[in-house]
Protein chains: 2
Amino acid sequence: MDLAKMIRDVPDFPKKGIIFKDITTLIKDPEGFREAVDILADHYTGQEIDLVAAVEARGYIFGAPIAYKLGAGFIAVRKAGKLPAETVVEEYELEYGTDSVEMHRDAIEPGQKILIVDDLIATGGSAAATARLVETLGGEVVGIAFLIELGFLHGVEKLKEYDVFTVIEY
Amino acid sequence: MDLAKMIRDVPDFPKKGIIFKDITTLIKDPEGFREAVDILADHYTGQEIDLVAAVEARGYIFGAPIAYKLGAGFIAVRKAGKLPAETVVEEYELEYGTDSVEMHRDAIEPGQKILIVDDLIATGGSAAATARLVETLGGEVVGIAFLIELGFLHGVEKLKEYDVFTVIEY
């Protein structure tokens, strides 16, 4: 199954000149969705993974079924202000300005092994910030997985110290 | 396993007087997460379900693994302005003002059978709006499932015409 062909290019979204990689056409196909989850999850079969951490909202679409399949728990990494209890926060740079990601302070116990999952790596800022959150709480990042890599943005270079796995590269 | 005991009450979030039902303490527990997904998914085993539709972001945490387990596709219902291609939109009322949910116009083929999933039903506005989106596109709502029901808000009454399943009632 050619998963790359099931992803739609939408030109000029979210702004002019950007070609958006739209996964909705892939995930609405039961076999495409299943295969994308399986390829990502099966890469980690046999490794000890306590928790899968994913960044809202699209990261949850793959991260939650991967956690389910691997028998791990799930950490909902959120944008600022959405988690109700005490949090840790990490900022990361955007093209213009900054954004931030948050985790509950009690999301991870020291020594737990964490797999980070997102649908797509562009500049790698949110994944790197998520890895810092994991380490702040004493967790160990055992891997970072993306369905899609925008290779021309070189985001993986920001994650050099980690074991990164990507399925589809553009 | 008492799933209700694994959900944390956070008082005064998002504003004073509201007790927030925090699922992060449930989903970080591998067995709690697995059991929550299994109870919801197993309720529909044997029913024909083409697609699971869930509302961002917490709805994806249960909706995506349920779709995976049932062998269905997944529809990412989003808040306004986040989907890249042509959409259909439905507004719903909040305590003050309105909010809206969107689906891609090509998310559903006429006659497809759709299960709607969310983590929690409060007033039922976003679930009812999602059901209208499904019907606008010619889909059939075969069920609406929530892990948590805030019974005192009577949201299920807004969904009277549908088959609603909830696991934990407060």
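Brief remarks follow.
- Qualifying residue in the stretch B:71-78 (condition: of a type outside the set (Gly, Ala, Ser), in contact with an Asp or Glu (Cβ under 7 Å, 6 or more places away or on another chain) and closer than 25 Å to B:Phe33 by Cα): yes
- Looking across the stretch A:106-115 at every residue that is surrounded by 14 or more Cβ atoms within 10 Å (Cβ to Cβ) and out of contact with any Phe, Trp or Tyr (no Cβ under 8 Å at 6 or more places or on another chain), the one that is farthest from A:Val37 (Cα to Cα) is identified as A:Asp106.
- Yes/no for A:Arg132 being at pLDDT 95 or above, within 14 Å of chain B (Cβ to nearest Cβ) and at negative phi: no
- Pairs, first more than 7 Å from chain B (Cβ to nearest Cβ) and small (Gly, Ala, Ser) in the stretch A:53-74, second in a helix (DSSP H, G or I) and open to solvent by 10 Å² or more (accessible area, probe 1.4 Å), C-beta under 9 Å, six or more apart: A:Gly59/A:Ser126
- Condition met for A:Val88 (in contact with a helix residue (DSSP H, G or I) (Cβ under 7 Å, 6 or more places away or on another chain) and closer than 22 Å to B:Ala54 by Cβ): no
- Boolean, B:Glu109 is among the charged types (D, E, K, R) and either under 15 Å from the mean Cα position of the chain (by Cα) or modelled with pLDDT of 95 or more (or both): yes
- Taking the criterion of being within 14 Å of chain A (Cβ to nearest Cβ) and over 16 Å from B:Tyr162 (Cβ atoms), the residues of the stretch B:113-129 that qualify are B:Asp119, B:Leu120.
- Residues that are closer than 16 Å to B:Phe165 by Cβ and open to solvent by 30 Å² or more (accessible area, probe 1.4 Å) within the stretch B:5-37 comprise just one, B:Glu35.
- Scope the stretch B:146-170; condition open to solvent by less than 10 Å² (accessible area, probe 1.4 Å) and over 22 Å from B:Ile19 (Cα atoms); matching residues: B:Leu159
- Listed by first and then second residue, the pairs with beta-carbon distance under 9 Å, at least 6 apart or on different chains, first residue in the stretch B:140-162 and in contact (Cβ under 8 Å) with a residue 12 or more places away in the chain, second buried (at least 19 other Cβ atoms within 10 Å of the Cβ) and polar (S, T, N, Q), are B:Glu140/B:Gln112; B:Val141/B:Thr130; B:Ile144/B:Thr130.
- Selection count where residues are within 13 Å of another protein chain (Cβ to nearest Cβ), charged (D, E, K, R) and either in contact with a Ser or Thr (Cβ under 6 Å, 6 or more places away or on another chain) or open to solvent by less than 10 Å² (accessible area, probe 1.4 Å) (or both), scope the stretch B:85-104: 1
- Complete set of residues in the stretch A:11-47 that are of a type in the set (Ser, Thr, Tyr) and facing chain B (nearest Cβ under 8 Å): A:Thr24, A:Thr25
The values are calculated or read from the model by the stated rules, or taken from the named source; none is laboratory data. Not measured: the values here are computed from a predicted model. Virtual Cβ from ideal backbone geometry, glycine too; neighbours counted across all protein chains shown. Areas reflect the complete protein model, heavy atoms only, side chains present, ligands, DNA and RNA absent. Shrake-Rupley method; radii C 1.70, N 1.55, O 1.52, S 1.80 Å.
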